[in-house]
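The values are calculated or read from the model by the stated rules, or taken from the named source; none is laboratory data. Note that the coordinates shown come from a computational prediction; the quantities given were computed from them, not determined experimentally. As a convention, Cβ positions derive from the backbone with ideal geometry for all residues, glycine included, and neighbour counts pool all protein chains shown. Remember, those area values only see protein heavy atoms, side chains included, never the ligands or the DNA or RNA. Shrake-Rupley method; radii C 1.70, N 1.55, O 1.52, S 1.80 Å.
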Amino acid sequence: MGISADELSAGLARVCARVGLGALSSAPQRLTGGAVMESWRFPCGDESFVLRRAPSLAFMEGRPYGHAVEAALIEAARAKDVTAPEVVAVLEEADGLGSGFVMRALPGTADPKVILACDDPDRLLRQAARDLARIHRLRQSDVPDGVPVMDYRAAIADLKQQFMDAGGNRPIIALGLRWLEDNCPAEVEPVLNHGDYRMGNLLVEGSDLTGVLDWEIAHFGDPHEDLAFGCMAVWRFARYDRPALGLGRIYDYFDAYEAESGTKIDIDRFHFWTVYRTVWWALGCLKMAAQWRSGADRMLERAVISRRTSEQELDLLLLLEEEAPEEERDKKVYSSTGKWSRLGEADSAELAEAISEWLVSIKDKLEGHDRFQNAVARNALGILARDWRLYPYPYTATSLAQDVLTGIASLRRPDLLQQLKSRVLEKVQADSPKYPSLATAIKRWT
């Protein structure tokens, strides 16, 4: 539901009074980031707190559990010595704030740019591995009812349905889905998975972990899924060279996790879940556009994130190209950004550039979430400009995608890998030219 600043302050005052936190001393401030839920920081009494809420009640429909269960999960994790925030209140209907809960604020930042520049990334990596191992100690008897247990093949089938619902027309995602079906491992004893354990959801002060955030998609399943997700290229941000959370070496992460958990990591299972979560996030990005179109949440960031699908397709092809014969892998591709004249009236790309430059001129007049949205808008305009210049032909291919899904086509088909490489390189250059995997792919493939 939409909510005004006055309504938000009044609702938070009711929550603070209801649970004995004291009086709300100033207006809440929207925190940047958060592609799904809203976060608001506010002072109450002598302390600071954070409200986590859904942008609308409709946004919670279809989710396996609500905020009350998520809050209980966080408290169960704290009982296992996980560095998680303390939940002090779950929203009630009378609060007038929709669905959410309030946590005691913790010190530190979740900004990956700041965290990945810390003085002792190895120390932080060990702490992250420690906390993940502690999360994985939780069993179904430790948490409320309603937290789902993953059925691996059912989960793959659900991804496949999401793919079809989104058009079923992206061949690289189809390759990933087919590979998952062909390589699904046997199930193991389920442990609690955080579900979103990565840089951006870890709160850090200096080189120390101060909080594990965003538990909304926790579920029971294979611990390798959590391990793999945080190591995906997308969550390393600018530190592509540090495969473990953007902090360090993968085997140092594994060693620290094994020391705390007392279990041995299976590299093949780790690879499977890396592919699975890459497909999962590619489809998650596509769904952002559907959410925006539906009107459930018209936040600009939703539409822009949908254009990050190609990043995951690039990473997926990097993960799967070894499935092709050597002679196919050795074929080089050619990628050109082209040349354009700058004569006559301003073209569409130049209009986008002009608007972006104006947005830069006003950014210092903005604060908080508005300043963040200004940056998102400039990113969107950059995509429009590059689209106009770099990407002259349709990207989707329904017939080919369906052939891949049914096994008619595979990476053994002559020139298919080369074709997909060329197309995804062009697409990522339009969508995300600074995406770290892109430089690696260009060096390897061209």
Regarding region 283-303, can at least one residue be identified that is in contact with a Cys (Cβ under 7 Å, 6 or more places away or on another chain) and either closer than 30 Å to residue 59 by Cα or open to solvent by 40 Å² or more (accessible area, probe 1.4 Å) (or both)? no
Within region 138-162, take every residue that is of a type in the set (Gly, Ala, Ser) and modelled with pLDDT under 95 and give me the one that is most open to solvent (accessible area, probe 1.4 Å). 141
Filter result for the condition that a residue is closer than 21 Å to residue 111 by Cβ and at pLDDT 95 or above, over 36, 50, 87, 82: 50
What number of residues within region 56-89 satisfy the criterion of being farther than 23 Å from residue 131 by Cα and open to solvent by 60 Å² or more (accessible area, probe 1.4 Å)? 5
Qualifying positions in region 16-36 - part of a strand (DSSP E or B) and open to solvent by 60 Å² or more (accessible area, probe 1.4 Å): 29
Name the residue, out of 117, 133, 105, that is modelled with pLDDT of 95 or more, buried (at least 17 other Cβ atoms within 10 Å of the Cβ) and out of contact with any strand residue (DSSP E or B) (no Cβ under 7 Å at 6 or more places or on another chain). 133
Could you tell me which numbered condition residue 204 fails, if it satisfies all but one of (1) in contact with a Gly (Cβ under 9 Å, 6 or more places away or on another chain); (2) without any contact (Cβ under 8 Å) to a residue 24 or more places away in the chain? (2)
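Please verify whether residue 252 is touching a strand residue (DSSP E or B) at 6+ places or on another chain (Cβ under 8 Å), in a helix (DSSP H, G or I) and open to solvent by 20 Å² or more (accessible area, probe 1.4 Å), treating the condition exactly as stated.
So residue 252 passes the test.
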Reported set for region 37-55 where residues are surrounded by 17 or more Cβ atoms within 10 Å (Cβ to Cβ) and either touching a His at 6+ places or on another chain (Cβ under 6 Å) or in a loop (DSSP other than H, G, I, E, B) (or both) is 37, 54, 55
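Report the residue count in region 29-60 for those that are polar (S, T, N, Q) and more than 21 Å from residue 113 (Cα to Cα).
Number of matching residues: 3.
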Identify all residues within region 164-209 that are surrounded by fewer than 18 Cβ atoms within 10 Å (Cβ to Cβ) and of a type in the set (Val, Ile, Thr); write none if there are none. 188
Of all residues in region 322-335, count the ones that are open to solvent by 90 Å² or more (accessible area, probe 1.4 Å) and either in contact with a helix residue (DSSP H, G or I) (Cβ under 9 Å, 6 or more places away or on another chain) or assigned to a helix (DSSP H, G or I) (or both). 6
By residue number, the members of region 305-321 that are under 13 Å from the mean Cα position of the chain (by Cα) and part of a helix (DSSP H, G or I) are 305, 306, 309, 311, 312
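Looking at 422, 361 in this structure, which one is of a type outside the set (Asp, Glu) and surrounded by fewer than 12 Cβ atoms within 10 Å (Cβ to Cβ)?
361
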